[in-house]
Each structure stands twice: as structure tokens, then as C-alpha cells.
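Here's the structure we're looking at; comments come further down.
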Amino acid sequence: MTDDSFSADRRTMLKAAAASAALLAPGAGLAQSRRDSDREAISRAVDAGFDESVSRLRQWIALPTIAAERLNIEQGADHMARLATEAGFTAVRKVPTGGIPAVFGVLDAGAERTVGLYFMYDVKQYDPAEWASPPLEGQMFDHSLGRALRGRGATNQKGPEAALLAALHAFRASGRRLPVNLVLLAEGEEEIGSPNFINVFRDPEVRAAFERADGVFIPANGQATNGNANIALGAKGIIELELVSTGERWGRGPARDVHSSLKAQIDSPVWHLVEALKTLTTDHGNTPAIEGWFEHVRPLTERERALIAEAARTRSEEEAKRALGVQHWIDDLAWRESLERLASQPTVNIEGLVAGYTGPGGKTVLPARGVAKLDLRLVPNMTVEDCMAKLRRHLERNGFGDIEVNMSGGYDPTETAEDSRIIRAQQALYTRNEIPYSLFPRNAGSWPGFVFTGAPLRKPAGQFGLGHGGGAHAPDEFMIIESRDSRVAGFKEATMGYVDFLYEMATIR
């Protein structure tokens, strides 16, 4: 189905949904009336503060906190605390986690409801040589959708978070009071699997503040290039780890690199690692083969299959393939079946392999050490604890017990009920603004939402935001700042999207 025919069908559905939108918020007339009267003034403040907001984002991009390299740890946390304070949060402080500190703050608007905010202030590593412009300069460039800002963190997640902060600045500048109270937690270890983030809830004040929250969300650029939005009802969990094979631990092979001519005489720890990796999957790496890996995997429900079928109907397969640079899905699956697999299947992925000499030319060595960096994606009802035990047991049983397993971070999958306010508020907003959207069982990517959806809080949590960006974790990461396409939000429109979402959270019943 073409995008045009979809738009016509979707418009009919949206009109029907709009007719019943009021049912989502019975008895909320006063708050809705206030939103209508406040919105124009807030919008003017967003316009007036646009240049300052973009400058704020560029300054933030210029200060990368990279947890894996221990780069700008305290500076990044201090900068995050300053951003929160300037946006109106009070009692802002760094919270010890046993690792990189989190940042906590409260914005008490005297409202009936409280909404939790999750930020991450760290970013992925980058190689400037791979970028079209310096990754920390936040340069503007022409994108097919409009003017865009390129820089590390532009879409993951500093850009969307900066748009949310711009919304809070606009409330203050316009003299309008927020319709909800906010509590903020900002993390500095998300990009290494959040190994210590759960520890923030040992702080009684932090835990009490989030226990009052009606739900928690992370700002995100949630629109595709055609303007369509996606609402995810969860996200996969993740384990990040490395497997290390050495001659010393194995008791075979060299204790240090030796000449490669000796391979006829000496075992190779790197081949030992490759053989261990081979046992972890079948089907060319596409199906995990760790014993018991699928023991607790919950199959898709009929409702989830129906949501995926609708997503397959409304999303463009051609656009998805073009954006990813692929020509085929696994096993040449049809579009819908590939989306079902994306939502339902755990994975074992090799992020990187490092061994021996990797510079120009050759060096003819037999390396004494090899390292494989892996990420394992988890689906309901898998847990990090159970999976790590199964991985270690698998290696031991298959003759690879000597291989060192170093887990750097991870967390369980998340699930949020379709009828929770944080989901229905997004639906109401998209319906009100005639933005086509689809519900999807879970994101294939991961975020530490489990600390909110799991014990001790058990709160609904998800992602929300208008706008479009790309290149997360890759070179030339970007966010659209000024859109030429009326269907896709630029920075100002994304900022107003957060304003509207907070009102929806205040009024939805």
C-alpha cells in the first residue's frame, strides 16, 4: 500500500477516534480549558527562546560524557545538574550509584499528578574521521527534510531532551504553571548497560518521589520520515559483555604473542574464542543456541500479533530497508513476519572482535589473547540473572570454561500496559493532532526502563516525542531542527509536543 492510500485510510480512522477523544478525559474540562488558554503564550515563548534552546543543545553536545572511557564523568553530571536547575527543577543533586552518579531533581507545580522523567547524559564513542563534520560541534546542514543539526547525542538522546527542557523554559518565560509535577532522574551509564542505575532507589528521597509518579517517560524523536509515529509498549532487555580467551587461562597456546610460523606447533587462543562463539548460535548467527535460552521466552500474544500486523500495514518496508541499508530480512522473511521476529526473538550479537595486529599490512603473529564484545537482547520473561548463569554453564559444558566472561552492564525487558495513562496520553495527543501512529509490542532496542517497570516501583514507562533524527551510535548522528515537511516536527514543534503531552498526562483519566 502506498503512503498516500494509507494516509486516506488513516485519516478516516483518526476522525472516528477524534470523535471519542473526549472519552479519554471525562471531567477534565477545567484543565483542558487552561491548556487552550495557555498554549498560545507558551508557543510564543518557544519561538522567542528557539535560538537559545538550540545553543543550549550545541553546548551540551560539545561536552560528551562517555562512560566506557570514563570521559567527563563529573563534568557531565555537573552540566546535567545545571541544565535541570535552569529549567526549574529544585533540590537538584548528584546521587551516588556505586558508578557514575545520577542527577535528581523535583519540579513541584502544585499539581494533582506527578510525571517521572528519565534522561541519559552520556553518549556513545565516536571516531571523528568517520564524520562529515566534527562530532562535537553541532553543525547545521541541509537534510532532505530540512535544516538539521549533526553531532554525537543529537538524537540519542540530548536532542529530544533539549526539546523537553526548552518546553520547561517556555512555561517559565510565559508565566504559566506546569499542569503536572515532574521528578527527574538523569543517568550517566546508559551506553554501557546501566550497571549501577538501579542503586539510585536506595536513596529514600528519590524512591519516594518516583513512587508518586503516574508514569515515567524518556524524551525521544518518535517520528519516521513520513511523520508517522510509533508507540512502544515495552523494550527488550540487554546484557553487554566481553568474552576473553588467553593462552594463560586456557593452559594452551602462548602466554604472549609469538611468530605465526609457530602455529604448526602451538594452539591459538583466538581460534579457541572463535570456536566458542560458534557454539552460541545456529543459522548463521541468527538463532541463539545456548542451552535453555528459550526456556522462559513468552510467545507473542494474539493482541501483540494484531498490533504487529497493523504496524506492517502502516509502515513502509521500502523506507525501513533504505534507512538500514539492507536488501533482505533474515531468511528472506516477509515484512510482517520480520517484524514479528524483531519483537519476539532474543538475540546474540557480536559487537566487535579484537585480537592480534590490526594495523596496516601484516605482522605474522600468533596472538596470545582474543576478545569478543557481545550484546544479548532479552524478551519477556527472560532475566539477566538467569541468562548469565546459562551462558556460563553453556561455555563450561562445551569445553570453554576457561574463557573469561566479563559483564559490563544489563537489565531486564520492560512491559507497559496498553491502558496505562502514559500510553493513552500519547494516543490522545496523536489523535488530536491527526498524526498517524501505530502501537507496537516492544522496541528492539533497549533502555533501562526496567528500573521503573520492575521492583520496587512497578510504574508504567515508555518513550515519547515528536521530531525525527537518525544515526544513533553511528557517524553523522543528527536531528531535524527546522522541518520543510509539515508532517514531521522540527525542534519548535517537538518542544510544543512535550507541552501538549504534559497537559494530556494532567487530563487523561
Listed residues 269, 360, 299; which is touching a Pro at 6+ places or on another chain (Cβ under 9 Å) and not aliphatic (A, V, I, L, M)?
269
List every residue pair whose Cβ atoms sit under 6 Å apart, with the two residues 6 or more apart in sequence or on different chains, where the first one lies in the stretch 42-69 and is crowded, with 20+ Cβ neighbours inside 10 Å and the second, anywhere, is of a type in the set (S, T, N, Q).
42/174; 45/174; 46/495; 65/72
Quick one: what pairs do we get from the stretch 228-239, first residue under 19 Å from residue 215 (Cα atoms) and at pLDDT below 95, second among the small types (Gly, Ala, Ser) and part of a strand (DSSP E or B), C-beta under 8 Å, 6+ apart or different chains?
230/438
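Sort out for me the strands (runs of 3 or more DSSP E) sitting completely within the stretch 405-509 that have 3 or more residues that are buried (at least 21 other Cβ atoms within 10 Å of the Cβ).
On the way: elements: 437-440, 461-464, 478-483.
It comes to 461-464, 478-483.
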Scanning the stretch 343-370 for residues that are open to solvent by less than 80 Å² (accessible area, probe 1.4 Å) and farther than 30 Å from residue 251 by Cβ, the one nearest to the chain's Cα centre (by Cα) turns out to be 343
Residues satisfying the stated conditions in the stretch 116-138, i.e. in a strand (DSSP E or B) and either small (Gly, Ala, Ser) or open to solvent by 20 Å² or more (accessible area, probe 1.4 Å) (or both):
116
Members of the stretch 309-323 found to be over 21 Å from the mean Cα position of the chain (by Cα), in a helix (DSSP H, G or I) and touching a residue at least 12 places away in the same chain (Cβ under 8 Å), listed by number
309, 310, 312, 313, 314, 317
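Does the stretch 125-149 hold any residues that are closer than 22 Å to residue 80 by Cβ and of a type in the set (D, E, K, R), and which are they? Break it down into steps so the answer makes sense when it comes.
Kept after step one, since they are closer than 22 Å to residue 80 by Cβ, are these residues of the stretch 125-149: 125-126, 135-138, 149.
Residue satisfying the conditions is 137 alone.
Condition (residue is modelled with pLDDT under 95 and among the charged types (D, E, K, R)) applied to the stretch 322-339: is it met by at least one residue?
To start, the set of residues in the stretch 322-339 that are modelled with pLDDT under 95 comprises 322-325.
Now restrict to residues that are among the charged types (D, E, K, R): 322.
Within the stretch 322-339, one or more residues are modelled with pLDDT under 95 and among the charged types (D, E, K, R).
When the stretch 343-394 is examined, which residues are found to be among the hydrophobic types (A, V, I, L, M, F, W, C), part of a helix (DSSP H, G or I) and either closer than 20 Å to residue 277 by Cα or touching a His at 6+ places or on another chain (Cβ under 9 Å) (or both)?
Here is the first cut: in the stretch 343-394, the ones among the hydrophobic types (A, V, I, L, M, F, W, C) are 343, 348, 350, 353-355, 365-366, 368, 371-372, 374, 376, 378-379, 382, 384, 387-389, 391.
Filter again for part of a helix (DSSP H, G or I), leaving 343, 384, 387-389, 391.
Once the filter is applied, which keeps residues that are among the hydrophobic types (A, V, I, L, M, F, W, C), part of a helix (DSSP H, G or I) and either closer than 20 Å to residue 277 by Cα or touching a His at 6+ places or on another chain (Cβ under 9 Å) (or both), the stretch 343-394 yields 384, 387, 388, 389, 391.
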In the stretch 371-383, which residue that is open to solvent by 20 Å² or more (accessible area, probe 1.4 Å) and touching a strand residue (DSSP E or B) at 6+ places or on another chain (Cβ under 6 Å) is farthest from residue 235 (Cα to Cα)?
373
Please specify each residue of the stretch 384-404 satisfying the condition of being open to solvent by less than 60 Å² (accessible area, probe 1.4 Å) and free of Cβ contacts under 8 Å to residues at least 40 places away in the same chain.
389, 399, 401
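Out of the stretch 272-293, which residues are open to solvent by 30 Å² or more (accessible area, probe 1.4 Å), in a helix (DSSP H, G or I) and of a type in the set (A, V, I, L, M)?
Passing the criteria: only 274.
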If I ask for residues that are surrounded by fewer than 20 Cβ atoms within 10 Å (Cβ to Cβ) and hydrophobic (A, V, I, L, M, F, W, C), which ones from the stretch 207-219 would you list?
208
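Tally the residues that are assigned to a strand (DSSP E or B) and of a type in the set (A, V, I, L, M, F, W, C), restricting the search to the stretch 88-112.
Going through the stretch 88-112, the residues assigned to a strand (DSSP E or B) turn out to be 90-95, 102-107.
Next cut, of a type in the set (A, V, I, L, M, F, W, C) only: 91-92, 95, 102-104, 106-107.
Number satisfying all stated conditions: 8.
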From the list 246, 225, which one is open to solvent by 20 Å² or more (accessible area, probe 1.4 Å), within 30 Å of residue 432 (Cα to Cα) and in contact (Cβ under 8 Å) with a residue 24 or more places away in the chain?
225
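Just to be sure, is residue 289 among the small types (Gly, Ala, Ser), within 19 Å of residue 240 (Cα to Cα) and out of contact with any Cys (no Cβ under 9 Å at 6 or more places or on another chain)?
On the way: among the small types (Gly, Ala, Ser): yes; within 19 Å of residue 240 (Cα to Cα): yes; out of contact with any Cys (no Cβ under 9 Å at 6 or more places or on another chain): yes.
Considered against the rule, which asks whether it is among the small types (Gly, Ala, Ser), within 19 Å of residue 240 (Cα to Cα) and out of contact with any Cys (no Cβ under 9 Å at 6 or more places or on another chain), residue 289 comes out as yes.
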Could you check residue 326 against (1) assigned to a helix (DSSP H, G or I); (2) free of Cβ contacts under 8 Å to residues at least 60 places away in the same chain and say which number it fails?
(1)
How many of the residues in the stretch 255-271 are of a type in the set (S, T, N, Q) and buried (at least 16 other Cβ atoms within 10 Å of the Cβ)?
2
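The values are calculated or read from the model by the stated rules, or taken from the named source; none is laboratory data. For clarity, every value in this text was computed on a predicted model and none was experimentally measured. Here Cβ is always computed from backbone atoms with ideal geometry, including for glycine, and neighbour counts include all displayed protein chains. Keep in mind that these areas ignore ligands, DNA and RNA; they rest on the heavy atoms of the full protein, side chains included. Shrake-Rupley method; radii C 1.70, N 1.55, O 1.52, S 1.80 Å.
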